[in-house]
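Bear in mind that the values in this text are calculations on the coordinates, not laboratory data. Note that the structure is a prediction, hence the values are computed from the model and not measured. Positions of Cβ are generated from backbone atoms using ideal geometry, with glycine treated the same way; all protein chains shown enter the neighbour counts.
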Amino acid sequence: MASRLQVIQADITTLDVDAIVNAANASLLGGGGVDGAIHRAAGPALLATCRALNGCETGDAKITPGFNLPSGHVIHTVGPVWNGGTHNEDELLASCYRRSLVLARDHGAQTIAFPSISTGVYGFPKQRAAEIAVHEVYDFVAANPDIKQVIFCCFDQAAVEFHNAAILQIKA
């Protein structure tokens, strides 16, 4: 089961998967980090499509085509800003992963890549985020055999190590 989960350090915009997840802001109109990279790589049609979605609530997700990306879809999810852990941040982050996986499954995506949601400028602690991400993905994939592979596409080595450690905890 955990063999369907993979951790890599790479540029998510280069992955040839059915869907990549975008750590978006509530406007869905692009920004910095992975969000800006995805918008640049997908081309202007992504921005035009996102405008019509009228934003997205924190913890929710919306899906668009991938346009110029190798992935068929982009799932935009809005992670929580870290406020010390006392503002429902863990549940909101878990919801990002669940909602993204539901959209992926419902649109026939069998291979999905996630960035480390909310761990950049939103300040979510990387280890805590990795544990939440791996737990949510593992549970969903266990109940949904149509999802063949989920890649945690990390920006840095620390995130890779945290995700790998969380997978090892599940195997134990």
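A DSSP coil position with no more than 14 other Cβ atoms inside 10 Å describes the following trypsin sites (Lys or Arg not before Pro) in segment 70-172: Lys148.
Put simply, segment 116-172 fits an ellipsoid with semi-axes of 20, 12, 10 Å; these come from the alpha carbon gyration tensor as the roots of five times its eigenvalues, largest first. Taking every DSSP bridge with both residues inside segment 1-124, close to 35 percent are antiparallel. Normalising the Debye intensity of segment 12-51 to I(0), with uniform scatterers on Cα atoms only, and taking log10 at q = 0.19, 0.21, 0.33 Å⁻¹ returns -0.49, -0.60, -1.27.
Take every pair of alpha-carbon atoms less than 8 Å apart whose residues are at least six positions apart; their mean separation over the length of segment 111-154 yields a relative contact order of 65 percent.
The Cα-based radius of gyration of segment 20-108, divided by its Kirkwood radius, gives an Rg/Rh of 0.97. Packing-based ranking of 74-85, 13-24, 159-170 yields 13-24, 74-85, 159-170, ordered from highest to lowest mean Cβ neighbour count within 10 Å.
Over segment 1-153, the pair-distance histogram of Cα-Cα distances with 10 Å bins from zero comes to 12, 46, 35, 6 percent, rounded to whole numbers. Per-residue ellipticity at 222 nm from helix content only, as computed over the chain with -39500 (n - 2.57) for each DSSP H run of at least four residues, stands at -13000 deg cm²/dmol. When the Gaussian network model of the chain links Cα atoms closer than 10 Å, the mean-square fluctuations of Gln157, Gln110, Gln127 top out at Gln157.
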